[in-house]
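Accompanying notes for the structure given below.
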Amino acid sequence: MITELAIPKAVEKQLKICGFKRNIDVLVLYLAGQGLRSIPSLSRFHRLRYLWINNNKIQDLTFLKKNYCLTELYLNDNEITDISGALKHLCALQILLLHNNQLKQLGKTVKELKGIISLQTLNLFHNPLTHDPDYRLYVIHFLPSVQLLDRKSVTQRERESAFHLYSCELSCVMESIAFGKRVNTPLGTAMGGSRGAQPARRLMMAPDCEFGNHTNKVPFENPEDAVLLRAMTRSVMVFSSLDWNKVSTCRERRLENKAEDSPEKLTIQFR
């Protein structure tokens, strides 16, 4: 059984194996599979980047409070139940393995990792929180930097599904934008609802109010008229087509005396 006194010796043993003489030189620390229940503060290793503590019996992560340079952290196969307040300061973290633990609250876990915008690889499988409905989409949406989740690459389709599920209002707004879509109803007539098309009506503007006058927020007596006018004044797109085979070159123009026929040009406008 590993005692509290043996824990510092485990750290010192690794330092001796790696040949580190100064704390500032310690970039890698391997403490996996030693049956450790707790670990003393590692704050003296300011430049520590790679840390293995997997396959132990760790529950408390307060020993990581000042290891800001960590880029890879292996905490899998422990007895961790909560990571709140323990990892959010690790802004450089890129790989985090937390599988095979006892994490139960998905919201709190994801909230702790939200600020780590460099996080690319995350393992949470074999934790109770993975049983939550739409667990994977939840993590993908709120941790957008993650590219590999539970050993499976995050796909664009999953990102879109997560966006539609957890940003429903914004998704509806984006889908309602009609720019570039076909308008079946002729301009100048009202858009018909389920009762069929309505006859064209005259736009009725409020007295002493011009379109574009921002002093009056509603320049129309009927707000639907503003929508109709906006549709009638949409930007015009022009496409022109020219048969360049019928256009004479400079040499042909010098050798030929006859008048040059104007090339045929086809122009189409879309509103």
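If I go through segment 137-163 residue by residue, how many of them are without any contact (Cβ under 8 Å) to a residue 24 or more places away in the chain, surrounded by fewer than 18 Cβ atoms within 10 Å (Cβ to Cβ) and of a type outside the set (Gly, Ala, Ser)? Outline the logic, then answer.
So the first thing to find is which residues in segment 137-163 are without any contact (Cβ under 8 Å) to a residue 24 or more places away in the chain, and the list is 140, 144, 152-160, 163.
Within this subset, residues satisfying the condition of being surrounded by fewer than 18 Cβ atoms within 10 Å (Cβ to Cβ) are 144, 152-153, 155-160, 163.
Filter again for of a type outside the set (Gly, Ala, Ser), leaving 144, 152, 155-160, 163.
Counting residues in segment 137-163 that are without any contact (Cβ under 8 Å) to a residue 24 or more places away in the chain, surrounded by fewer than 18 Cβ atoms within 10 Å (Cβ to Cβ) and of a type outside the set (Gly, Ala, Ser) gives 9.
So which of 66, 88 is within 17 Å of residue 144 (Cα to Cα), among the charged types (D, E, K, R), without any contact (Cβ under 8 Å) to a residue 60 or more places away in the chain and assigned to a loop (DSSP other than H, G, I, E, B)?
Numbers: 66 fails: within 17 Å of residue 144 (Cα to Cα).
Sole residue among the options that is within 17 Å of residue 144 (Cα to Cα), among the charged types (D, E, K, R), without any contact (Cβ under 8 Å) to a residue 60 or more places away in the chain and assigned to a loop (DSSP other than H, G, I, E, B): 88.
Taking the criterion of being assigned by TED's automatic domain parsing to the domain that holds residue 81, among the small types (Gly, Ala, Ser) and at pLDDT below 90, would at least one residue in segment 155-169 satisfy it?
yes
Restricting segment 113-128 to residues that are outside any loop (DSSP other than H, G, I, E, B) and either under 15 Å from residue 72 (Cα atoms) or at pLDDT below 95 (or both), which is farthest from the chain's Cα centre (by Cα)? Show your work before the answer.
Let us first name the residues in segment 113-128 that are outside any loop (DSSP other than H, G, I, E, B), namely 113, 121-123, 128.
Applying the additional criterion that residues be either under 15 Å from residue 72 (Cα atoms) or at pLDDT below 95 (or both) yields 113, 121-123.
Working: 113: 14, 121: 15, 122: 15, 123: 18 Å.
Filtering segment 113-128 for residues that are outside any loop (DSSP other than H, G, I, E, B) and either under 15 Å from residue 72 (Cα atoms) or at pLDDT below 95 (or both), the one farthest from the chain's Cα centre (by Cα) comes out as 123.
Mind checking whether some residue in segment 40-55 is in a loop (DSSP other than H, G, I, E, B) and of a type in the set (Val, Ile, Thr)? Lay out the reasoning, then the answer.
Let us first name the residues in segment 40-55 that are in a loop (DSSP other than H, G, I, E, B), namely 40-49, 53-55.
From what's left, of a type in the set (Val, Ile, Thr): 53.
Scanning segment 40-55, I find at least one residue that is in a loop (DSSP other than H, G, I, E, B) and of a type in the set (Val, Ile, Thr), so the answer is yes.
Could you please find all residues in segment 104-130 being buried (at least 19 other Cβ atoms within 10 Å of the Cβ), of a type in the set (A, V, I, L, M) and closer than 20 Å to residue 51 by Cα?
Within segment 104-130, 113, 116, 119, 122, 124 qualify.
The values are calculated or read from the model by the stated rules, or taken from the named source; none is laboratory data. This one's a predicted model, so the numbers in the text were calculated from it and none came from an experiment. With ideal geometry, Cβ positions are generated from the backbone for all residues, glycine too; neighbour counts draw on all protein chains shown.
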